[in-house]
Every structure is written in C-alpha cells, then in structure tokens.
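Novice: Please see the structure below; I have some questions.
Derivation of every value follows stated rules applied to the coordinates shown; laboratory data play no part. Computed from a predicted model, the values in this text were never measured in an experiment. Note: ideal-geometry Cβ built from the backbone for every residue, glycine included; neighbour counts use all protein chains shown.
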Amino acid sequence: MNTAVVEQLPEVVMPACPILKVLKGQRALVTGANSGIGKGIAIALGHAGADVVVNYVNGEETAEGVVEDIQRCGSRSFAHRADVSKEAEVHAMFERMKEEFGTIDILVNNAGLQKDAPFDQMTLDQWNFVLGVNLTGQFLCAREAVREFKRRGVRREVSCSAGKIICISSVHEVIPWAGHVNYAASKGGVMMMMKSIAQEVAPYRIRVNSICPGAIRTPINRAAWESPEAYADLLKLIPYKRIGEVDDIGRAAVWLASDDADYVHGISLFVDGGMTLYPGFEAGG
Ligand code: BGC
C-alpha cells in the first residue's frame, strides 16, 4: 500500500440535516440506536423526515441524546428500552410504538454485539448471547413488523410499499472470521433469514433487504482503528483506503427505506469500501 498517497486523502465531510425529507410521514423503529451504526441510522432517518423510535438496552442517557438530535430536525422521537432477544419485551415495544405513532413503516434491525473468543474456548453462553441478540432479536422484531405491515397494507400518502425491513448484517455474512465464530454464524443466519422473509412477503409489497457494513468507526471495533499501527493494518483490508463512518451507513439506510429503492428487494447491500473484493489479491494470486 502507498501510505504517502493515503495520507493526502481529504477528510470525508457529510452534509448535515438534508433539506429533502424523503421519508416524511413515515414511522421508523431502529434497534440498538443509542450508539454506533444504529445511532447514525436513527439520526439519518430522522433528518430525512421519519419519526423514530430509538431502541436501546443499556445507556438511557445516550438514547435520549439521539432523541433530541432527531427532534431538533422537526421529527418526532422517543426512546424505548427493550432487549430484542426477549419476545415479551419486543412485543411491548411494538405495542407502545403503535400507541404513540399509530403504526410502523420502517424497521431497522440493527441491535448486535460481539463476544469474541478462540473457538475451543468459546462458551455456550457466549454463543447463545450473540445468536440471541444478532439473529433471534432480528427474527422477533421482523415478525412483529410483518404482522403490522400485513394488517395495515400500503399507506399511499407516505410510500408505495406496505413496509420496509432493513437488516444490519456485516461483511461477515460472507467473509469467514476466525476468533468470531458466533458473530459470523449470526450474520450468515441473518442473510438467509432476510432473503427467506423477502421471498415470502414480497406479494404483500413488503420490502426486505440487508446492509452489510465493513469496518465502520464505532466502539465495537475501537481496537482496529484507535492506534496508527492498527489503522494501517486495517487499511490493508480496505481497497478504498479509509475506514467507514456511521453516516455512510445512515445514508444507505435512508435510500433503501425510501421509494427511490422501491424495486430493490432481498439484497445484501455491501457498504464496505471494497472489503469484500479480496484485497489480498491486489498484488498476488
Ligand atoms: C464487525 C467489526 C469489524 C467489521 C469488519 C463488523 O461486522 O462488527 O468489528 O471491524 O465487521 O471486519
């Protein structure tokens, strides 16, 4: 890699609150929305005109901060604590959303975590915890959303589809990841879950897709970008030679949720600076 060239690259500057409110009148729920990618998505949807439920499990204060940011742009928002791996809590969250916002148009299944360990040392608790949140949590929320979308149908005044589900997967739905077997298995599961739901609900005009982020600058992977040495190593895996920012994912989510993407269904949209392009082959093979 030519580091001299990389160092000259400009900082990425994202536009603030967009003027075009492409999601005006729509109601969104973003899980795990008080930090990282979920926070970026919740703010992007709110700034694009959607009312947003900010789900969190730990960190009420940070969730309230996201709510305030969304409200500043003129959208409605409230925070709701629920563990997405618990059926009763997910059910209660959807009931409150229906009470306060009337319905749901957009579900972003974002809540996810890592519990890394060498495979032979991985405990059943670590396995179950990651699968419980990353895969079962997405199933439980998607099921509630589909029930409401089917009951209600299309609201022509806000969208030509009856509802949108965006699953936040990962490049690791296709890239195997040593030391992270539970996480990679959960994301591989998200891929087939998303595509199977998409096939089943398409006739109801419900759109289901995934976003697969690469390395995005968030607390989950701090060790990979915090020191200059770690960052240089990380860039070896990214042909585009910069880490992703949460806004990169937020803007992809706004597009996928909008009618601009109305014919986009059942896809895994990789937003990864080319991480899935086998960068090891740049100068080999
Ligand atoms: C993981 C990050 C990792 C990235 C690329 C994501 O799904 O959560 O920790 O940096 O994939 O490997």
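Novice: In the range 88-109, which residues have a backbone nitrogen under 20 Å from the label point lying 7 Å from residue 128's Cα in the Cα-to-Cβ direction?
Specialist: Label zone hits: 88-90.
Novice: Where nothing but the Cβ of Lys and Arg (+1) and of Asp and Glu (-1) is charged, how large is the charge dipole of the chain around its Cα centre, in debye to the nearest 20?
Specialist: Working: 29 positive and 34 negative charges, 207 e Å.
The calculated dipole for the chain is roughly 1000 debye.
Novice: Nearest 10 degrees, 0 to 90: what angle lies between the long axis of helix 181-201 and the longest principal axis of the chain (Cα atoms)?
Specialist: 40
Novice: Next question, about the same structure. List every residue whose amide H lies under 5 Å from the amide H of residue 163, counting only residues 5 or more places away in sequence or on a different chain, with H placed 1.01 Å from N in the peptide plane.
Specialist: Amide H neighbours of residue 163, under 5 Å, 5+ apart: 207.
Novice: Against the globular-protein guess of 2.2 N^0.38 Å, express the Cα radius of gyration of the chain as a ratio, rounded to two decimals.
Specialist: Working: Rg = 18.6 Å, N = 285, 2.2 N^0.38 = 18.8 Å.
Dividing the Cα radius of gyration by 2.2 N^0.38 Å gives 0.99.
Novice: For the chain, calculate the relative contact order in percent as a whole number, restricting contacts to Cα pairs under 8 Å that are 6 or more residues apart. Before the final figure, lay out the partial values.
Specialist: Working: 559 pairs, mean separation 51.7, N = 285.
After rounding, I find 18 percent.
Novice: With a cap of 15 neighbouring Cβ atoms within 10 Å, and only residues DSSP puts in a loop, list the trypsin sites (Lys or Arg not before Pro) found in the range 94-174. Can you show the working numbers first?
Specialist: Values: sites: 96, 98, 115, 143, 147, 150, 151, 152, 155, 156, 164; in loops: 115, 155, 156.
Hits after loop and neighbour filter: 156.
Novice: Given just the C-alpha atoms of the range 107-245, how large is their convex hull per residue in cubic angstrom?
Specialist: Details: hull volume 17.6 nm³, N = 139.
Taking only Cα atoms, the range 107-245 has a hull volume of 127 Å³ per residue.
Novice: Assign one of three labels to the range 66-131, namely rounded, prolate or oblate, based on the Cα gyration tensor with a ≥ b ≥ c the square roots of its eigenvalues; rounded applies when a/c is under 1.5, prolate when it is not and a/b is larger than b/c, and oblate otherwise. Could you put the intermediate results ahead of the total?
Specialist: Details: a/c = 3.75, a/b = 2.09, b/c = 1.79.
Taking the square roots of the gyration eigenvalues as a ≥ b ≥ c, the range 66-131 is prolate.
Novice: Hey, which of these cross-link pairs are over 20 Å Cα-Cα: 24/98; 21/98; 98/195; 164/195; 24/164; 115/187? Provide the component values of the computation, followed by the final result.
Specialist: Working: 24/98 18 Å; 21/98 22 Å; 98/195 26 Å; 164/195 13 Å; 24/164 15 Å; 115/187 14 Å.
Those over the limit are 21/98; 98/195.
Novice: Run the quick spin-label model on residue 100 and residue 260: label points 7 Å from Cα toward the beta carbon, then report their separation in nm to one decimal.
Specialist: 2.8
Novice: Shifting gears a bit: Pick out, from 88, 228, 103, the residue whose Cα sits farthest towards the positive end of the charge dipole of the chain, with +1 on the Cβ of Lys and Arg and -1 on the Cβ of Asp and Glu.
Specialist: Value computed over the given set: 103.
Novice: Helix-only mean residue ellipticity at 222 nm, the chain, DSSP H runs n ≥ 4 weighted -39,500 (n - 2.57), per residue, nearest 500. What is it?
Specialist: Calculated mean residue ellipticity at 222 nm is -12000 deg cm²/dmol.
Novice: Continuing with this model, one more query. Under the Karplus relation 6.51 cos²θ - 1.76 cosθ + 1.60, θ = phi - 60°, what is the ordered set of whole-Hz ³J(HN,Hα) values for the range 157-174, x standing for Gly and Pro?
Specialist: Residue by residue, the range 157-174 yields 5, 10, 6, 8, 10, 7, x, 10, 10, 10, 8, 8, 9, 5, 4, 7, 7, 10 Hz.
Novice: Separate question: Hull surface divided by four, with the convex hull built on the Cα atoms of the range 214-285: how many nm²?
Specialist: Working: hull surface 24.6 nm².
Here the figure is 6.2 nm², rounded to one decimal.
Novice: Could you work out the mean projected area of the convex hull around the alpha carbons of the range 19-130, in square nanometres to one decimal? Don't jump to the answer; show the numbers that get you there.
Specialist: Working: hull surface 30.3 nm².
Quarter of the Cα hull surface area: 7.6 nm².
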